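The structure under discussion appears below in the form of structure tokens.
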Amino acid sequence: MAAADGTVSAILVTHNSSEHIDACLVALTGSDGNHLREIIVVDNASTDQTPTHIARRWPSVTLVLNRTNEGFAAACNRGAQAASGAYLLFVNPDVVTDSDMITELMQVAAATPQLGLAVPRLRHADGRWQANCRAFPSLSNLVRSRGSILSRLRPSAQDDYTIADARENRMVPSVAGTVALIRKARFDAVGGFDHRFFLFVEDTDLSRRLADSDYVNVYVPSAGALHHWGRGSTAGRIRRMWHHHRSMWRYFLKHDRRIQILVPLAGLLFGNFVLSLLVPSRAP
């Protein structure tokens, strides 16, 4: 089916996501404007009632069932293949979008011919701003990032990785895929998400490839969404940490294979993973 310009296909990836999926789908279906064409849920072999619940309560949702957990990137690509909208809106199942979020993002898309990814301003349940834009990873900024052991031992340490909040639209290097809008043809042209990233950093990799192709990634603070941090699935803390560190290693293998980078990076990631098991993490 040909994609009509200005239409949006929302794509959600679920894995044991029954706790928050209703709130997410209620918000999406209640979006104002006429942009939303369809909602596609790709379920990564949930062992709870997520697929049956969606099929029973949300018959208008297109449900794609994976027999195994293929990972976030591969599942997003599967959803994109099934999409018929001109734009793809990737949404985590633990997100509640504002009623005008899609409209706000689409206005920026219409005004930005070279748009790569557009993301809204995220907030925690208590209203605090939640960071979803960052610099491209380097050895120096990873050491001072919010996920590093240094940030836990020294909360006042400068963070050169996370990009601060802004009042106006802002071009940024890299964005989180928590909620992200992109033109489908552009997503397809750069190859979509790299499925080698099972979980985490696939959004940074896509942002990098878009920037390398002269597209711009934009933070849109007038668009908003509530994100229940880390509650989109039942994946445990240690497993999530393992995937994050492994994906960061794969990112550098793909984009910067210099030996003078990889050797200290290996030590940094291993040390950070081990120490993070011992030192409690700060609240996001």
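The values are calculated or read from the model by the stated rules, or taken from the named source; none is laboratory data. These numbers were taken from a predicted model, which means no experiment stands behind them. Methodologically, a virtual Cβ is constructed for each residue, glycine included, from the backbone with ideal geometry; neighbour enumeration extends over all protein chains shown.
One line per residue, one yes/no per condition, for (1) over 18 Å from ASP194 (Cα atoms); (2) in a strand (DSSP E or B); (3) modelled with pLDDT of 95 or more:
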residue	(1), (2), (3)
VAL13	no, yes, yes
ASP32	yes, no, no
SER60	yes, no, yes
GLU70	no, no, yes
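Quick one: would you say GLY191 is closer than 27 Å to ASN69 by Cβ, surrounded by fewer than 16 Cβ atoms within 10 Å (Cβ to Cβ) and of a type outside the set (Phe, Trp, Tyr)? It is true that GLY191 is closer than 27 Å to ASN69 by Cβ, surrounded by fewer than 16 Cβ atoms within 10 Å (Cβ to Cβ) and of a type outside the set (Phe, Trp, Tyr).
Is it the case that ASN77 is within 21 Å of SER9 (Cβ to Cβ) and at pLDDT 95 or above? Considered against the rule, which asks whether it is within 21 Å of SER9 (Cβ to Cβ) and at pLDDT 95 or above, ASN77 comes out as yes. Within the range 206-238, being buried (at least 22 other Cβ atoms within 10 Å of the Cβ), at pLDDT 95 or above and not in a strand (DSSP E or B) holds for LEU206, SER207, LEU210. Just one of the listed residues (ALA118, ALA55) is modelled with pLDDT of 95 or more and in contact with a helix residue (DSSP H, G or I) (Cβ under 6 Å, 6 or more places away or on another chain), namely ALA118. All told, THR97 falls short of being over 19 Å from GLY177 (Cα atoms) and either at pLDDT below 95 or surrounded by 21 or more Cβ atoms within 10 Å (Cβ to Cβ) (or both).
Filter the range 102-128 for residues that are part of a strand (DSSP E or B) and in contact with a strand residue (DSSP E or B) (Cβ under 6 Å, 6 or more places away or on another chain); which is farthest from LEU89 (Cα to Cα)?
ARG123
Checking each residue in the range 72-101 for being of a type in the set (D, E, K, R) and not in a helix (DSSP H, G or I) picks out ASP94, ASP98, ASP100.
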